[in-house]
Amino acid sequence: MEEVYGIEYSKPEVVLLQDTGIGVAESAARTCYDSFTNSENDVIKEIEFEMPDSSMCDDINAIEDSALLDDLAWTYFHHSILEHANLSFLIRGTSRGVLQEHARHRLQAISVRSTRYTMSSLINAFIASKQGGGKEFFTNIVLGFDMFVTANEAYNRIEIGGMYDKLEYQFNVVEDFYAISVAKSSLGFLEEFKKNSEALYEALQAGKKKRNVGDAFKHIISDNVKVDMVVTFNLRSLKNYFTLRDSGAAFFQIRWLAQEMMKVTPQKYLDLIIKKK
């Protein structure tokens with residue numbers, strides 16, 4: 001946890017799911033210069049004389065150091081070679097605000113937890129609250145979701161109250177609110193568990209989820225909501241990302257994320273993209 005501007009925030013968690021190694025990047029660079037035999041890595045030297053088999057490819061992907069890549073990265077600034085190395089990160093607990101910042105980095109593959117498909121529990125809590133529990137029931141249920149990067153309960157109650165008020169407004173103006181919020185097979189629960197918010201919530205949770213329920217309710221959530229995502233960068237793009245986002249000028253939440261990503265990035269990559277102090 002860290003306090004910023006009077007609000008306490010949780011920090012994201014990051015795992016490196018896979019990395020492709022730097023050997024392919026050296027192979028690419030040696031191809032440009034036809035200099036395989038100059039490598040300090042024996043398996044790269046062999047490429048001069050034979051096409052790599054599966055065993056050689058394994059050895060190429062296991063390379064830990066490359067003097068040529070170091071020269072190209074820091075002496076000649078030939079960074080396009082770094083595009084042949086890729087790293088994939090699983091990120092949990094960053095914010096939708098950070099997601100907007102991430103989208104500005106063009107060269108990445110990104111898959112994000114979808115609000116379109118994953119808002120059922122939130123909507124179920126509201127539907128159940130209409131059976132006597134009211135705003136307090138909804139607030140207490142949603143607090144248990146741990147869905148915000150802000151960690152102050154008092155502040156999060158304000159956030160949740162705002163979501164409830166938006167849903168309440170929509171409930172009062174949409175002619176058949178339940179048709180857009182509850183699966184047909186679960187509509188009977190509304191009568192079966194009338195005046196029992198807790199039982200209705202449990203029944204809705206156990207029942208079939210309304211398909212694409214988030215389509216009607218995306219407007220209720222803010223940039224404060226946590227998101228999970230998998231991102232894949234090539235090494236050149238990761239260099240740009242770390243340069244911009246590990247800066248004191250960056251939005252503090254994306255700076256935290258960049259720092260966590262750097263922690264799980266193997267040193268052989270950092271040596272090629274982070275200037276040694």
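The values are calculated or read from the model by the stated rules, or taken from the named source; none is laboratory data. It should be emphasised that the depicted structure is a prediction, and the values quoted were computed from it without experimental measurement. Cβ sites come from the backbone with ideal geometry, for glycine too, and all protein chains shown count toward neighbours.
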Open item on the list: If I go through the range 161-170 residue by residue, how many of them are surrounded by 15 or more Cβ atoms within 10 Å (Cβ to Cβ) and among the aromatic types (F, W, Y)?
Closed with: 1
Open item on the list: It is to be established whether one or more residues within the range 222-243 are without any contact (Cβ under 8 Å) to a residue 60 or more places away in the chain, surrounded by 15 or more Cβ atoms within 10 Å (Cβ to Cβ) and over 18 Å from K130 (Cβ atoms).
Closed with: yes
Task: Test: residue in the range 34-55 that is in a helix (DSSP H, G or I) and small (G, A, S) - done: yes
- [ ] Would you confirm whether any residue within the range 111-129 is farther than 16 Å from G214 by Cα and surrounded by fewer than 16 Cβ atoms within 10 Å (Cβ to Cβ)?
- [x] yes
Open item on the list: The conditions are (1) within 14 Å of the chain's Cα centre (by Cα); (2) modelled with pLDDT of 95 or more, and Q108 fails exactly one of them. Which is it?
Closed with: (2)
Open item on the list: within 20 Å of N240 (Cα to Cα), in contact with a Phe, Trp or Tyr (Cβ under 6 Å, 6 or more places away or on another chain), in contact (Cβ under 8 Å) with a residue 60 or more places away in the chain and not hydrophobic (A, V, I, L, M, F, W, C): is that true of Q108 in this structure?
Closed with: yes
Task: Within the range 14-49, considering residues that are out of contact with any Ser or Thr (no Cβ under 9 Å at 6 or more places or on another chain) and of a type in the set (D, E), the one nearest to T265 (Cα to Cα) - done: D42
Open item on the list: On the basis of being surrounded by fewer than 18 Cβ atoms within 10 Å (Cβ to Cβ), modelled with pLDDT under 95, more than 25 Å from the chain's Cα centre (by Cα) and among the charged types (D, E, K, R), does K275 make the cut?
Closed with: yes
TODO: Could you please let me know if K218 is closer than 28 Å to V98 by Cα and in contact with a Ser or Thr (Cβ under 7 Å, 6 or more places away or on another chain)?
DONE: yes
Task: Hey, E8 part of a loop (DSSP other than H, G, I, E, B) and either without any contact (Cβ under 8 Å) to a residue 40 or more places away in the chain or within 26 Å of A250 (Cα to Cα) (or both) or not - done: no
Open item on the list: Quick test of your reading of the structure: E50 fulfils all but one of (1) touching a Gly at 6+ places or on another chain (Cβ under 7 Å); (2) surrounded by fewer than 13 Cβ atoms within 10 Å (Cβ to Cβ). Name the failing condition by number.
Closed with: (1)
TODO: Just need a number here: residues in the range 28-77 that are within 23 Å of N234 (Cβ to Cβ), over 31 Å from the mean Cα position of the chain (by Cα) and free of Cβ contacts under 8 Å to residues at least 40 places away in the same chain.
DONE: 17
- [ ] Within the range 53-92, count every residue that is surrounded by fewer than 21 Cβ atoms within 10 Å (Cβ to Cβ) and within 25 Å of I254 (Cβ to Cβ).
- [x] 6
Open item on the list: So in the range 129-171, with the set limited to residues that are in contact (Cβ under 8 Å) with a residue 60 or more places away in the chain and among the polar types (S, T, N, Q), which one is nearest to Y9 (Cα to Cα)?
Closed with: T150
- [ ] From the list V231, V182, pick out the single residue that is closer than 28 Å to S10 by Cα and hydrophobic (A, V, I, L, M, F, W, C).
- [x] V231
